[in-house]
Amino acid sequence: MVFNTGAALLDAIVLAVVSKEPEGTYGYKITQEVRQVIELSESTLYPVLRRLQKDECLEVYDMECAGRNRRYYKVTSRGWAQLQLYESEWRRYADKITGLFEGRV
């Protein structure tokens, strides 16, 4: 993608991906789903996850999987509220840009 992806957009994308799994999901799976939309390395993802956890948008828990602990991330009530705000703002922003491209603005 030729457009820069800022921190707020990364936060929104990660929250949207994690929100699809009611019981939470783990880092590798998050990376794979985000990569369907934008290019993202794991070294970029984990600071985003830590920031969202620090901001109380995600909670973290460990669960055993094949004899190893796997860290899961789950959206909190604060995260749901933030995701709704991001969705609302994105729709307004995308509509304005689309309008500009289509000559409506």
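Taken together, the values in this text are just the output of simple stated rules run on the coordinates, not laboratory data. Everything numeric here is computed off the predicted structure, so don't read it as measured data. Glycine gets a Cβ as well: all are built from the backbone with ideal geometry, and neighbour counts include every protein chain shown.
Of the numbered criteria (1) under 16 Å from GLY6 (Cα atoms); (2) of a type in the set (Ser, Thr, Tyr); (3) surrounded by fewer than 15 Cβ atoms within 10 Å (Cβ to Cβ), the one TYR86 fails is (3).
Yes or no: the stretch 41-54 includes at least one residue that is outside any loop (DSSP other than H, G, I, E, B), in contact (Cβ under 8 Å) with a residue 24 or more places away in the chain, touching a Ser or Thr at 6+ places or on another chain (Cβ under 8 Å) and not aliphatic (A, V, I, L, M).
Keep residues of the stretch 41-54 that are outside any loop (DSSP other than H, G, I, E, B), which gives 42-54.
Then keep just the ones that are in contact (Cβ under 8 Å) with a residue 24 or more places away in the chain; that gives 44-45, 48-49, 51-52.
Filter again for touching a Ser or Thr at 6+ places or on another chain (Cβ under 8 Å), leaving 45.
Retained after the next criterion (residues that are not aliphatic (A, V, I, L, M)): none.
No, there is no match, as no residue in the stretch 41-54 is outside any loop (DSSP other than H, G, I, E, B), in contact (Cβ under 8 Å) with a residue 24 or more places away in the chain, touching a Ser or Thr at 6+ places or on another chain (Cβ under 8 Å) and not aliphatic (A, V, I, L, M).
For the stretch 55-105, the set of residues classified as assigned to a helix (DSSP H, G or I), in contact (Cβ under 8 Å) with a residue 40 or more places away in the chain and of a type in the set (Phe, Trp, Tyr) consists of TRP80, TYR86, TRP90, listed by residue number.
Scanning the stretch 1-30 for residues that are of a type outside the set (A, V, I, L, M), in a helix (DSSP H, G or I) and under 15 Å from LEU58 (Cβ atoms) yields a total of 4. Looking only at residues in the stretch 60-82 that are within 14 Å of LYS29 (Cβ to Cβ) and within 18 Å of the chain's Cα centre (by Cα), the one that is surrounded by the most Cβ atoms within 10 Å (Cβ to Cβ) is TYR73.
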